[in-house]
1. Going residue by residue through the stretch 28-40, is there one that turns out to be within 29 Å of His179 (Cβ to Cβ) and touching a Pro at 6+ places or on another chain (Cβ under 6 Å)?
2. Quick one: is Glu340 open to solvent by 20 Å² or more (accessible area, probe 1.4 Å), modelled with pLDDT of 95 or more and either closer than 28 Å to Gly118 by Cα or not aliphatic (A, V, I, L, M) (or both)?
3. Name the residue that is farthest from Thr307 (Cα to Cα), counting only residues in the stretch 54-112 that are assigned to a loop (DSSP other than H, G, I, E, B) and among the hydroxyl-bearing types (Ser, Thr, Tyr).
4. Asp189 passes all but one of (1) more than 23 Å from Thr221 (Cβ to Cβ); (2) open to solvent by 30 Å² or more (accessible area, probe 1.4 Å); which number fails?
5. Pairs needed: first member in the stretch 309-338, charged (D, E, K, R); second member anywhere, modelled with pLDDT under 95; C-beta distance under 6 Å; at least 6 residues apart or different chains.
6. With the requirement that a residue be outside any strand (DSSP E or B), surrounded by fewer than 18 Cβ atoms within 10 Å (Cβ to Cβ) and touching an Asp or Glu at 6+ places or on another chain (Cβ under 7 Å), what does the stretch 216-260 give you?
7. When the residues of the stretch 132-147 are narrowed to those that are open to solvent by less than 20 Å² (accessible area, probe 1.4 Å) and part of a loop (DSSP other than H, G, I, E, B), which ends up nearest to Arg284 (Cα to Cα)?
8. Looking at this structure, is Thr101 modelled with pLDDT under 95, under 24 Å from His293 (Cβ atoms) and under 24 Å from the mean Cα position of the chain (by Cα)?
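The values are calculated or read from the model by the stated rules, or taken from the named source; none is laboratory data. What you see is a predicted model, and the numbers here were worked out from it, not measured in a lab. Here the Cβ positions follow ideal geometry from the backbone for every residue, glycine too, while neighbour counts run over all protein chains shown. Ligands, DNA and RNA are excluded from the accessible area calculation, which covers all protein heavy atoms including side chains. Shrake-Rupley method; radii C 1.70, N 1.55, O 1.52, S 1.80 Å.
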Amino acid sequence: MKEKIRCAVLGLGRLGYWHAENLAAKVKGAKLASVVDPLAGQAEKVARELGVAAFSQFPEEVMADPAIDAVIIATPTSTHAEMIKLAATHGKHIFVEKPITSRLDLADELIEVIERQGVHCMVGFMRRFDPAYAEAKRRIFAGDIGKPIYYKGISRDPGSPPPEFIRHSGGIFLDLSIHDYDIARFLLDAEVESVSAHGRILLHDFMQEFSDVDQAITYLTFDSGAAGDIEASRNASYGYDIRGEVVGTEGTLMIGSHKYHDVHILNAQGKTHSIVPAFPQRFRESYLLEMEHFIESLRKGQKPSVTQQDGRAALAIAIAARQSFEAGAAVSLHTPTKPEDSSVV
């Protein structure tokens, strides 16, 4: 087993900073060797805060460094393909935030170069590592609810990101629903066969400019015979609401709740409790656990459990959902996607 995996983090926004922070101080077997961000002064600032020896504005510098074993890509989605190709051709193992890219043809190119170069790639679907979802998977595998036949997912944000984020997000199906697409495959251990998606703008009129919606529903059918529905919303003013449910032939499993703290207030108006305010409070532990898995896999020379193939599968569902929404008809994932349509952008 390799003692230390020397890492570089590319992109130091909120998620990139969390990954850097975890690698610098919390992940056994990891050494944060460098941080990179194109914004002048940002990498130097983070390096100083976290005690990292090297920093740069240019990803090419860390890619060419033979001492770097792995890169964590937390840059904008539009740069993922370029960064993955650059890392793979330099023999670096790769952790990339979802989505792996925004086009299926690009995803196929990335898979080819990753496999040709013999590097490992992990895609950041952190819900798989959330203790509640991981326990749900264990219970399903143990047969506690019989054969899983239906998945219901709810992903509600407490508000919309700003217009500039929506402009580059790829839309609600790629940015938000994709987490449920992946976790549904994971929990049901099945592949999606068809997708039917609908959406509307209910609150945030500016989304019309970007052909996006703030409320969406996706209906899925699976090759196992199972089915499911996934709600995505930017309109949950009460808080961050992430829940899931798996119906089985012998029982039903429910994942998540509205509770933030297990404290209830009783007064003349009734009983109340606090609600999770945003995703950092809900999934901070999951980001640490997924990075621990990535580093441990590399130390053992093993393939991570969430690979580039999983990234492509979730991307294909998101693209089909977008096409279904635009066409007003179901889309089969067995139907080859035309190159000019193989993007959510």
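1. The answer is yes, given that some residue of the stretch 28-40 is within 29 Å of His179 (Cβ to Cβ) and touching a Pro at 6+ places or on another chain (Cβ under 6 Å).
2. No: the conditions fail for Glu340.
3. Of the stretch 54-112, the ones assigned to a loop (DSSP other than H, G, I, E, B) are 57-58, 64-69, 74-76, 90-92, 98-102.
Checking the rest, the ones that are also among the hydroxyl-bearing types (Ser, Thr, Tyr) come to 75, 101-102.
Values: Thr75: 18, Thr101: 13, Ser102: 16 Å.
My answer is Thr75.
4. Asp189 satisfies every listed condition except (1).
5. Arg322/Val344
6. Asp223, Asn235, Ala236, His258, listed by residue number.
7. Out of the qualifying residues, it is Ile145.
8. no
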